1. State the number of residues belonging to the stretch 363-404 that are assigned to a helix (DSSP H, G or I), among the hydrophobic types (A, V, I, L, M, F, W, C) and under 16 Å from PRO119 (Cβ atoms).
2. Among the helices (runs of 4 or more DSSP H) contained in the stretch 302-359, which hold 3 or more residues that are of a type in the set (A, V, I, L, M, F, W, C)?
3. Is it true that ILE233 is over 22 Å from ASP209 (Cα atoms), outside the structural domain of ALA40 (by TED's automatic domain parsing) and either part of a helix (DSSP H, G or I) or under 24 Å from the mean Cα position of the chain (by Cα) (or both)?
4. Restricting to the stretch 16-51, and then to whatever is charged (D, E, K, R) and away from ligand 1 (no atom under 12 Å from the Cβ), can you tell me which residue is nearest to VAL100 (Cα to Cα)?
5. Go through (1) touching a Gly at 6+ places or on another chain (Cβ under 7 Å); (2) of a type outside the set (A, V, I, L, M, F, W, C); (3) open to solvent by less than 10 Å² (accessible area, probe 1.4 Å) and name the single condition ARG15 misses.
6. Exactly one condition in (1) closer than 23 Å to THR239 by Cβ; (2) touching a helix residue (DSSP H, G or I) at 6+ places or on another chain (Cβ under 7 Å); (3) assigned to a helix (DSSP H, G or I) is false for GLY137; which is it?
7. Assuming THR31 fulfils every condition listed in (1) closer than 20 Å to THR364 by Cβ; (2) over 23 Å from the mean Cα position of the chain (by Cα); (3) open to solvent by less than 40 Å² (accessible area, probe 1.4 Å) apart from one, which condition is it?
8. Is it the case, given these coordinates, that LEU122 is within 16 Å of ligand 1 (Cβ to nearest atom) and either in a strand (DSSP E or B) or not assigned by TED's automatic domain parsing to the domain that holds SER206 (or both)?
Amino acid sequence: MRVKDLKWTINYTSRGNPTIEIVLELDSGATGRFASPAGASRGRLEAPPYPEGGLTAALKILREFREDVVGREFESQKEFDVYLSEYDGTGNYSRIGSVVSLGCSVAFAEAAAKEDGVPMFLWLSKGTASGYPLPLGNVLGGGKHSRGRSIDIQEILVFPSRISSYREGYDALIEVHKKVGKLLIQRDPGFTGGKNDEGAWTTNLSDEDALSLVSDAVDQVSSELGVKLALGIDAAASTLYDEATNSYFYRRRNRYLDREQQINYMLELIDKFGIKYVEDPVEENDYAGFSIINREAGRRSLIVGDDIFVTNVSRIKLGIEDKAANAVIIKPNQVGDLTKTLDAVMEAGLGGLKIVVSHRSGETVFPHLAHIAIAAGAILFKCGVVGGERIVKHMELMRLEEELGGLKPATFNL
Ligand code: PGA
Ligand code: ZN
């Protein structure tokens, strides 16, 4: 597959910030097009989105990169990504930035899949993928994804634990999202219908009142629709963490929890609300704290590492040795290309970790993440419930299931 041309334009994330849309064309005329999303509660060890000098510097690098890549031939995704990584030369894309690297990697994957005549998930999984994940959606949120008054826990999430079609699961999430909105009108006098970066409602209720409200919504929708639903949280604890005092600051309550109190608080919430998915319960360097929570609650809940792993093979290896988690968040732009992303998936799978493929809070309107989730064999697809930039990804999954046939839903057994 020979690269015929590389073009780009400025596109925007759902927060209205610029990102770069890459268009890659192969000699056959097959093209791929993708623009990277952007996170707000970014792990410190993520590949930087832009080189020093920001967007302007990235555009300059793209002009140089175009000269180098046009005319080159690649046999596989890996060959393209290794070339990309060598062109960058820093090991973590800090010279060209992950916006450029992931944009090129995904655009190449789409074009190559088209040339091969297969959906992108089959190109990425070399024909092996056969299942699709359960949808996992943020219905009530705070932290770095909200403004002004909001809960301190970044996300309260919902997912179906058993579905017969992706649409059935997604429809249930939409119903919970609507129900949460209705309950907020009754229970939060200050509620104005505000939603945050991921389309989750925001509220001035306390964290626990918010959890109990979502739990009520889940119970009501479960019995109305007959779909089994479970509750999750992303504490995004690194964003609450204060290094100087080794403690966690809960702004609403104006209260610091020390490390042990934070661990106990997370365990209490798991028990009190029957939480089945807990992401980043402690800060990103506290593998030992993660391990305590995983040992205490890992048999009844997914203990999921995002900021501690940052989709990075060596961090994931450490986590497996320490039994820090039983699941991992995979975000392609944390490492900057699809081969590194799938290497992280492979490493995690070998260590017995479940895979959760995730959107970013600042998303773009491209559907490719749905293919990456299927190719990764994810059990959960973490993607907001509403907002066009999220819906386009859920729709892609539904279309793949409905049009291709043969794909089976993942099952959740905790
Ligand atoms: P981000 O947040 O995309 O803003 O980093 C999502 C998360 O923490 O999971
Ligand atoms: Zn997270």
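The values are calculated or read from the model by the stated rules, or taken from the named source; none is laboratory data. Quick caveat: nothing in here was measured; it's all calculated off a predicted structure. Neighbour counts run over all protein chains shown; Cβ positions are idealised from the backbone, glycine included. To get the accessible areas, we keep the full protein, side chains included, count just its heavy atoms, and leave off ligands, DNA and RNA. Shrake-Rupley method; radii C 1.70, N 1.55, O 1.52, S 1.80 Å.
1. Residues meeting the conditions: 12.
2. Filter on the stretch 302-359 gives 313-321, 338-350.
3. no
4. So the residue we want is GLU21.
5. The single condition ARG15 does not satisfy is (3).
6. Single failed check for GLY137: (3).
7. In the conditions (1) closer than 20 Å to THR364 by Cβ; (2) over 23 Å from the mean Cα position of the chain (by Cα); (3) open to solvent by less than 40 Å² (accessible area, probe 1.4 Å), THR31 misses (3) alone.
8. no
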